[in-house]
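Novice: Have a look at this one before I ask anything.
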Amino acid sequence: MRLYTQRCPSLALLLVLVVHAAQGTFITNDTSDLSLSTYEYIVIGGGTVGLAVANRLAVNHSVLVVERGPDLSDSDVINNPFTPFGTPSPCHFSMAGAPQVGSNGVRSLPLTYGSCLGGGSSINAMMGARPTFAGMGAVEALGNPGWGWDDFLPYMQRSETFTPPDPTQLAEGANYIAAVHGFDGPVGVSFARPFVAPEMQDAAKTTVQSAFDNLVALTRDMGDGFSGGHVASFYHHIHFNETVQADRRSSSAWSFLYPQAQQRAGLTVLTGYRVNSLVTLKKRGGEVTATGVLVQPTIGGGTIVFNISKEVVISSGALYSPAILQRSGIGNATYLKSLQIEPVLDLPSVGANFQDQILLTNVSFPLAASANNTNVTGGADVLLGIVVSHPTARDALGTDGAAAIDASCKRALTLDAYIDTYLYHDYIETP
């Protein structure tokens, strides 16, 4: 069972605390509920990676997760497929990116991120994607032994419960290779159900086929390391991050935090608090150690320090992890001084060189060597018109809402060389 306190009456609070002592994970938005001020590990950010790391550590350690956003475990806006794309939620936060030279007259485009338990996995397109064999080989070749495909595959299998396609999905062209999947992990992975509305079935097939006239084959399995890492249209292979039984998003929160099987007596989750900075100690020789974190409510209130006896894990995403380090005096010393922040550790790369692909590309096929068709819009206006004409996106799209319109192509050349060819490609860059 999950245990909560949300500034509840004292009697109810007492009952919850008594049960918590014997059961498992404790989730609260009130620091007065916390019985400890020192934890072996503190994880900053209860998002996609943070909750998975906390889950592992809390098996035999005391762990505190600090998440600035709320707990939205029962929110339809989060759990229903496709809904976050058109419905603002308390998990959606945005900031303005640097003006882009290549974006129609130097525009500043928004960067959206997830700020709730589950982080980006609570608002993304409910699609799972794996890297490629060649891509992981390149990472290993850069000086990261153990990060090649063969080394990493067992961990990808361990994390998932894969549901093979049913007869209807197989008839639509779904392909899979059982040997590359896991069947007893925390993350639910499945194919999308075909479109519910008949007109969506016809329009999608016509659009995708007309966009890629020179297809040579359907992908055999999008997770095999060779066919690419992107999801495909609904009648090809799609990894959908949803639990099939509940027809619900399989976010990091629903995979590693909420289920009964994932309860951890050593895990405490504090929501509604942001980490201002690390409390650090600089030793002789210049070594810097984090001894605590300075937190503050996201809405009003003073600061509180939680102490660390072992390590801090900063998992606040590509946007906020560097900011926490910089506010702690860790980063480019010249830049920090310009902000009146006393440098503790000069690391010029912190906060630099961020790039973000702003277009989600959903359709993936192995292409013929002569592939040159760039007509990816096809009948997208028809698809959008049908979506609008139905009461809800789910009524029209089944669980494949996000994979219906955008398109890209990937082409695998050899096992050692891999080229991404994106049709419509743009990046956001920071200064």
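Please treat every number below as a calculation from the coordinates, not as lab data. Since the model is a prediction, treat every value here as computed from it, not as a measurement. Positions of Cβ are generated from backbone atoms using ideal geometry, with glycine treated the same way; all protein chains shown enter the neighbour counts.
Novice: Quickly work out the Ser94-to-Leu339 label distance, labels modelled 7 Å from Cα along the C-beta direction, and quote it in nm with one decimal.
Specialist: So the two model labels end up 2.3 nm from each other.
Novice: Of Glu311, Glu40, Glu342, Glu67, how do they rank once you tally other Cβ atoms within 10 Å and put the fewest first? List each step's numbers first, then the result.
Specialist: On the way: Glu311 13, Glu40 17, Glu342 8, Glu67 30.
In increasing order of surrounding Cβ atoms, one gets Glu342, Glu311, Glu40, Glu67.
Novice: Could I ask something else about it? Mind ordering 56-63, 117-124 by average Cβ neighbours within 10 Å, highest first? Let's see the in-between values first.
Specialist: Numbers: 56-63: 17.9, 117-124: 25.8.
The peptides rank, most packed first, as 117-124, 56-63.
Novice: By how many nm would the segment from Ala352 to Val139 grow when fully extended, if each residue of separation counts as 0.36 nm and the alpha-carbon distance is taken off? Walk me through the numbers on the way to the answer.
Specialist: Values: separation 213, 0.36 × 213 = 76.68 nm, distance 1.97 nm.
Result: 74.7 nm gained on full extension.
Novice: What is the packing order of peptides 345-352, 299-306, taking the mean over residues of other C-beta atoms within 10 Å and listing the highest first? Walk me through the numbers on the way to the answer.
Specialist: Numbers: 345-352: 15.1, 299-306: 11.5.
Averaged packing, sorted descending, gives the order 345-352, 299-306.
Novice: Which residues does the label zone of Asp74 cover in segment 257-287, counting backbone N under 11 Å from a point 7 Å along Cα→Cβ?
Specialist: No residue qualifies, since no backbone N sits under 11 Å from the label point.
Novice: Just to be sure I understand the model, the point goes 7 Å from the Cα along the line to the Cβ. What's the resulting Val101 to Asn307 distance in nm?
Specialist: 5.2
Novice: Quick check: residue separation of Thr38 and Gln260 times 0.36 nm, minus the Cα distance between them. What number comes out in nm? Please list the in-between numbers first.
Specialist: On the way: separation 222, 0.36 × 222 = 79.92 nm, distance 2.59 nm.
Extra length available between Thr38 and Gln260 comes to 77.3 nm.
Novice: Separate question: For the pair Asp30 and Asp151, how long in nm is the line joining their label points, each one 7 Å along Cα→Cβ?
Specialist: If labels sit at Asp30 and Asp151, their model points lie 4.8 nm apart.
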